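The structure appears below as structure tokens.
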Amino acid sequence: MKYAGMSATTAAARTAATLLTLALLAGALLAGCASQPTVTAPPRAAQAPQQSPQQATGPQAAQPQPETAPAQAEAAPAPATVPADETVRVALLLPLSGKAASLGEAMQQAAQMALFDTADSHFQLLIRDTKSTPEGALAAAQDALAAGATLLIGPVYGVDAKAVAPAAGTVPVLSFSNDATVADTHAPAGGTWVLGFQPQDQVARVVSYAASRGLTRLALLAPVGSNGDMVEQAMRDAAAKAGADVTRAARYQPTQKDVSDTIKRLSNFEQRHAQMAAARETAAAAKEGGKDGKPMAAVEDLSFQAILIAEGGQRLKEVAPLLPFFDIDPGPVRFLGTGQWDEPGIGREPALVGGWYASAAPDARQGFEKRFNDVYGQRPPRLATLAYDATALAAVLAKGHKAYVRENLTDPNGFAGIDGVFRLLPTGQVERGLSVLEVTKTGVTVVDPAPTSFTPVTAPAPSPNTGS
């Protein structure tokens, strides 16, 4: 039983008047940052044209199909609401000064786009500078709470989110961190969610797809450390669920400049080359003795059909060419990756062409990136979509007069945003619908589209022995 989701595709075109209005509005926001501004959405007359659900630009609550809605839904208590004329204040906690100021500014700009696209006049965004430190994040959160914020969006880093959480109390925190240990929803109200892109879902998605294509013997190449541990555990769990097996796993120190020895062990390079040398000698001896047709000595096959490379950026470009050099060729062996592969120009590394990785559907994000560039004159950083989607989620709930309580935030139908469908789980984690992309020489192509809806979580059937 599935719920129908709302499309996340961003409108392909915007009128010049809309872009000008947004640019002026963004400029006003930036000018006021130093004075801790309270930003209200522009008048409705200045809003971008209203769009059909298929063209929605911000997160929209995905609606269940009437024929598949659970029977018990009608008996559920009404969600917490706010009066229609009440002003809703939401804080955006970003590093607008300090070492991460450029990232914070871009994320603020993305949030401003969401405010313009989705909010009404009763929604106010309180911009607060975390100063790129945990102490600054705590002070920013306290100031925002004193100003009446009922939801905290941000901060960016896990250490900052951990500093904010105790002060938030019953006010929910939607952090941009990808540190799973930040998630905390043990208290009856409030709680901290982790919106950042985490490898677990990405690994599960690409492993499941690889297994569905007959690649059931898998290997892992990953750095030592908590992230590598997380990837390995997620890979083993996903493989077991998909009927696959992780036959080899090779780990190396993150500071290790040359990983050649690690890859040689992974491919049994020395042993296989010794076997090949023996095979050539046997063939040569047979030819000299005039014995045709004598079978060559066997050469051991690799024990895996696909390998997951848990790297990104420059490190990925350094590691990938070593694999075919040591007999792990991208023809017979499929290379797999995580969202770390999701960067421009990845196909310029020949070894990665044909590789698969899981990430958000690129179409909507490309539209967002074009709009961002049109308005601000630069390409947005990858995390900018998180700021857009979180702000739009808050604005959409406020527009529906829904309070920021757990039953509303964790709507099992989820929301559709720039990065595809997503839903906040009761555990503090975020589940995302991901595409599987294949690397080409000129970019990427979707080989398995992202889902547009979620299967609702159902409670287990009561035991016949309980009498209930």
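The values are calculated or read from the model by the stated rules, or taken from the named source; none is laboratory data. Please read all numbers here as calculations on a predicted model, not as lab measurements. Cβ atoms come from the backbone with ideal geometry, glycine included; neighbour counts cover every protein chain shown.
Within region 197-223, the set of residues being modelled with pLDDT of 95 or more and part of a loop (DSSP other than H, G, I, E, B) comprises Arg213, Gly214, Leu215, Thr216. Of everything in region 158-197 that is in contact with a strand residue (DSSP E or B) (Cβ under 7 Å, 6 or more places away or on another chain) and small (Gly, Ala, Ser), the residue that is nearest to Thr427 (Cα to Cα) is Ala183. Of the residues that make up region 456-463, is at least one at pLDDT below 95 and either crowded, with 16+ Cβ neighbours inside 10 Å or assigned to a helix (DSSP H, G or I) (or both)? Yes: one or more hits.
Going residue by residue through region 427-447, is there one that turns out to be among the acidic types (Asp, Glu), under 24 Å from Ile346 (Cβ atoms) and modelled with pLDDT of 95 or more?
Of all residues in region 427-447, those among the acidic types (Asp, Glu) come to 431, 438.
Going one step further and asking which of them are under 24 Å from Ile346 (Cβ atoms), we end up with 438.
This time we only want the ones that are modelled with pLDDT of 95 or more, so: 438.
Yes: one or more hits.
Out of all the residues in region 136-175, which are in a strand (DSSP E or B) and in contact (Cβ under 8 Å) with a residue 60 or more places away in the chain? Once the filter is applied, which keeps residues that are in a strand (DSSP E or B) and in contact (Cβ under 8 Å) with a residue 60 or more places away in the chain, region 136-175 yields Leu152, Ile153, Leu174.
Looking at region 346-357, which of its residues are β-branched (Val, Ile, Thr) and either outside the structural domain of Pro223 (by TED's automatic domain parsing) or part of a loop (DSSP other than H, G, I, E, B) (or both)?
Going through region 346-357, the residues β-branched (Val, Ile, Thr) turn out to be 346, 353.
Passing the criteria: only Val353.
Please work out if Asp179 is among the acidic types (Asp, Glu) and free of Cβ contacts under 8 Å to residues at least 24 places away in the same chain. In short, yes. Evaluate the following for Glu343: is it closer than 24 Å to Asp258 by Cα, assigned to a loop (DSSP other than H, G, I, E, B), within 20 Å of the chain's Cα centre (by Cα) and modelled with pLDDT of 90 or more? No, not satisfied.
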